[in-house]
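Data first, discussion second: the structure below is written as structure tokens.
The values are calculated or read from the model by the stated rules, or taken from the named source; none is laboratory data. All figures in this text were calculated on a predicted structure; none of them were measured in a lab. In this analysis, Cβ positions are derived from the backbone assuming ideal geometry, glycine residues included, and neighbour counts consider all displayed protein chains.
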Amino acid sequence: MSDRPAQRDGKVRQDLLPGRRRAARRTTATLSIVAALVGLFPCASPAGGAGTLYEAFRLAHAGNPTIGAARAAVRVGVQDVAASATGFLPDISLNSDYAYRDRKGSAPGYPRTELVSHPRGFGIGLTQNLWNGFKTSNSVARDDAALLSQKDRLVETEQSILLDAATAYLDVLRDTAILTIRRTNHDMLAERHRQTLYQFKIGQITKTDVDQTAASLARSQADIALAQMNLETSRAVFKSVVGRDPGALARTGLPMALMPKSLEAAIAKALKHNPAIRAAQNAITAADFNIAVQKAGYMPSLDLAVSADRRWDPDSYQAKTQLNQASVVGRLVVPIFDRGFTPVAVARAGEIRGQREAELDRERAAVRANVVQSWGVYTASESTIRSAQAQIVANDRALQGVTLEASVGQRTTLDVLITQQALLDSRVSLEVAERDRIVAGFRLLALLSDLSLDTIRPQDLRYAPIGAPPAMPLPERNPLLVGGFERLTLRAAFDATVD
């Protein structure tokens, strides 16, 4: 059986053309508004959710538990500095005592005696370290450097969480758009399947055409299920990062004023300002001071102790006696042997410094590699977006042409389905490429230490799509030769679809 029943003996059943052209118009019109539907109907969610990327940034910055833990670590570092600084201060103490004393005695020839007294007193003491080999000052400097490193880690954590928020936000946008595209494609395939069933009943097409549309329809149902699963996953990740369900998300863009102009400029700025690199540098400084702290164990220590006391009844036999005393004592301690503790502590501190240097080299290499990768994805995604836009234009026209050619028996149902799938894939590719470009841009900003609420304003995140390339011109002559049927061009055929 022929799979082109509309053509018989070199002629086309022209009575079938108007209906098929109307079906072609419905199909191509539906495909033409898919992008508009994606932009106009973002995902809905409960009230109170984050609706803009800046709002998602604000919520994540204020309430994300990872950032909260990093802030707590900074507060611990502040207390470490304060604890080290106490070494400059003296120890001052007050003391007092009170006692009851009862002595009884007897001797031959003397009466029995009993002596009761209440010895008591109070005093004040002060101990001040005068010199300890600069251990205290180096301890404060070490903890100051460690605090700076911890603050840099906090900045790194904040920017990492903001990047996670941007990624989750754009994942929800992408998966919402893809789900809309999949559902629209499913509706079109369902309509096409109904048409093929009707055409099969009246003998216009074969059972093969019906099976092909049924297979495509089943595939579209599976694609919808997968898209729904991906969207739910993205929404769950969004809530874990931001703390709220995504609202009706608005499309967003990059703060282009902050974007680097070239790869070389991006690498240079990242190596200078990246918080992970700065944290590693401050960790090396802290390790240097820690070595000095441990070497203080070789140094003598000089302390001053001052005390004053007043006591009553120091001798139970002189109950009314009062004694006042004061003392100033200088104490010099010179270490000779401390069981080998100081040499081991110094060696250990030196190894820690070597470890910190290796970590700095690792951070620099990782930052450089991440900048190169993010820049590559960012620039390549722009090309991919333009390519996908061109594919959409071409595939849309191709679908119109193939649909029209099928209506006159020059194309099979499989040709139409393949072309429709190509258009679907190009629309999905566009959504993926736009998401990848913006995520790569935000990753670059995080590597450059520019992804923060201090540098980004809400108006910087307006959606600014990359302009679509000019429409591809239609060929002037692309004839459809159907037996004795008159010669038509594609342009004339397209004009007929809008009549």
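Screening 188, 229 for residues that are of a type outside the set (D, E, K, R), at pLDDT below 95 and not in a loop (DSSP other than H, G, I, E, B) leaves exactly one candidate, 188. Scanning the range 70-82 for residues that are in contact (Cβ under 8 Å) with a residue 24 or more places away in the chain and of a type in the set (Gly, Ala, Ser) yields a count of 3.
Scanning the range 348-369 for residues that are of a type in the set (Gly, Ala, Ser) and either touching a residue at least 40 places away in the same chain (Cβ under 8 Å) or under 25 Å from residue 292 (Cα atoms) (or both) returns 349, 350, 354, 358, 366. Are any of the residues in the range 264-286 in contact with a Gly (Cβ under 7 Å, 6 or more places away or on another chain), among the β-branched types (Val, Ile, Thr) and within 30 Å of residue 336 (Cα to Cα)? Within the range 264-286 (the criterion being in contact with a Gly (Cβ under 7 Å, 6 or more places away or on another chain), among the β-branched types (Val, Ile, Thr) and within 30 Å of residue 336 (Cα to Cα)), the answer is no, since none of the residues qualifies.
Looking only at the range 168-180, decide whether some residue is of a type in the set (D, E, K, R) and over 26 Å from the mean Cα position of the chain (by Cα). Scanning the range 168-180 turns up no residue that is of a type in the set (D, E, K, R) and over 26 Å from the mean Cα position of the chain (by Cα). Pick from the range 181-210 the residues that are touching a Leu at 6+ places or on another chain (Cβ under 6 Å) and crowded, with 22+ Cβ neighbours inside 10 Å: which of them is nearest to residue 225 (Cα to Cα)? In this case the residue turns out to be 185. Is it the case that the range 262-279 has a residue that's of a type in the set (Lys, Arg), crowded, with 19+ Cβ neighbours inside 10 Å and either under 27 Å from the mean Cα position of the chain (by Cα) or not in a helix (DSSP H, G or I) (or both)? Scanning the range 262-279, I find at least one residue that is of a type in the set (Lys, Arg), crowded, with 19+ Cβ neighbours inside 10 Å and either under 27 Å from the mean Cα position of the chain (by Cα) or not in a helix (DSSP H, G or I) (or both), so the answer is yes. In the set (1) without any contact (Cβ under 8 Å) to a residue 12 or more places away in the chain; (2) closer than 25 Å to residue 362 by Cβ, the condition left unmet by residue 236 is number (2). Hey, any hits in the range 29-41 for a residue that's farther than 30 Å from residue 399 by Cα and either at pLDDT below 90 or among the hydrophobic types (A, V, I, L, M, F, W, C) (or both)? The answer is no, given that none of the residues of the range 29-41 is farther than 30 Å from residue 399 by Cα and either at pLDDT below 90 or among the hydrophobic types (A, V, I, L, M, F, W, C) (or both). If only residues of the range 338-388 that are surrounded by 12 or more Cβ atoms within 10 Å (Cβ to Cβ) and basic (Lys, Arg) are counted, the one that is farthest from residue 286 (Cα to Cα) is 386. Considering the conditions (1) out of contact with any Ser or Thr (no Cβ under 6 Å at 6 or more places or on another chain); (2) part of a helix (DSSP H, G or I), residue 311 is excluded by exactly one of them, (2).
Take residue 91 and tell me if it is at pLDDT 85 or above, among the charged types (D, E, K, R) and closer than 29 Å to residue 288 by Cα.
On the way: at pLDDT 85 or above: yes; among the charged types (D, E, K, R): yes; closer than 29 Å to residue 288 by Cα: yes.
Yes: the conditions hold for residue 91.
Considering every residue within the range 125-138, establish whether at least one is in a strand (DSSP E or B), within 30 Å of residue 303 (Cβ to Cβ) and touching a Phe, Trp or Tyr at 6+ places or on another chain (Cβ under 9 Å).
Checking the range 125-138: at least one residue is in a strand (DSSP E or B), within 30 Å of residue 303 (Cβ to Cβ) and touching a Phe, Trp or Tyr at 6+ places or on another chain (Cβ under 9 Å).
Applying the condition of being surrounded by fewer than 22 Cβ atoms within 10 Å (Cβ to Cβ) and either polar (S, T, N, Q) or touching a Pro at 6+ places or on another chain (Cβ under 9 Å) (or both) to the range 426-456 and asking which residue is nearest to residue 383 (Cα to Cα) yields 429. Filtering the range 123-166 to residues that are among the polar types (S, T, N, Q) and under 15 Å from residue 447 (Cα atoms) leaves 157, 159, 160. Only one of the listed residues (243, 247, 253) is crowded, with 16+ Cβ neighbours inside 10 Å, touching a residue at least 12 places away in the same chain (Cβ under 8 Å), in contact with a strand residue (DSSP E or B) (Cβ under 8 Å, 6 or more places away or on another chain) and among the small types (Gly, Ala, Ser). That residue is 247.
If I filter the range 97-119 for residues that are in a strand (DSSP E or B), over 48 Å from the mean Cα position of the chain (by Cα) and surrounded by 15 or more Cβ atoms within 10 Å (Cβ to Cβ), do I get at least one hit? Looking for residues that are in a strand (DSSP E or B), over 48 Å from the mean Cα position of the chain (by Cα) and surrounded by 15 or more Cβ atoms within 10 Å (Cβ to Cβ), one finds at least one in the range 97-119, hence yes.
Tally time: how many residues in the range 397-430 are acidic (Asp, Glu) and in contact with an Asp or Glu (Cβ under 9 Å, 6 or more places away or on another chain)?
Start the filter on the range 397-430 by keeping residues that are acidic (Asp, Glu), which leaves 405, 415, 425.
Adding the requirement that they be in contact with an Asp or Glu (Cβ under 9 Å, 6 or more places away or on another chain) leaves 405, 415.
Going through the range 397-430 one residue at a time, the tally reaches 2.
Is the range 395-414 home to any residue that is touching a residue at least 60 places away in the same chain (Cβ under 8 Å), within 29 Å of residue 223 (Cβ to Cβ), basic (Lys, Arg) and buried (at least 17 other Cβ atoms within 10 Å of the Cβ)? Yes: one or more hits. Just the residues that are not charged (D, E, K, R) and not in a helix (DSSP H, G or I), please, taken from the range 380-439. Of everything in the range 380-439, those that are not charged (D, E, K, R) and not in a helix (DSSP H, G or I) turn out to be 408, 409, 410, 412. For the range 325-337, the count of residues that are surrounded by fewer than 18 Cβ atoms within 10 Å (Cβ to Cβ), free of Cβ contacts under 8 Å to residues at least 60 places away in the same chain and in a helix (DSSP H, G or I) is zero.
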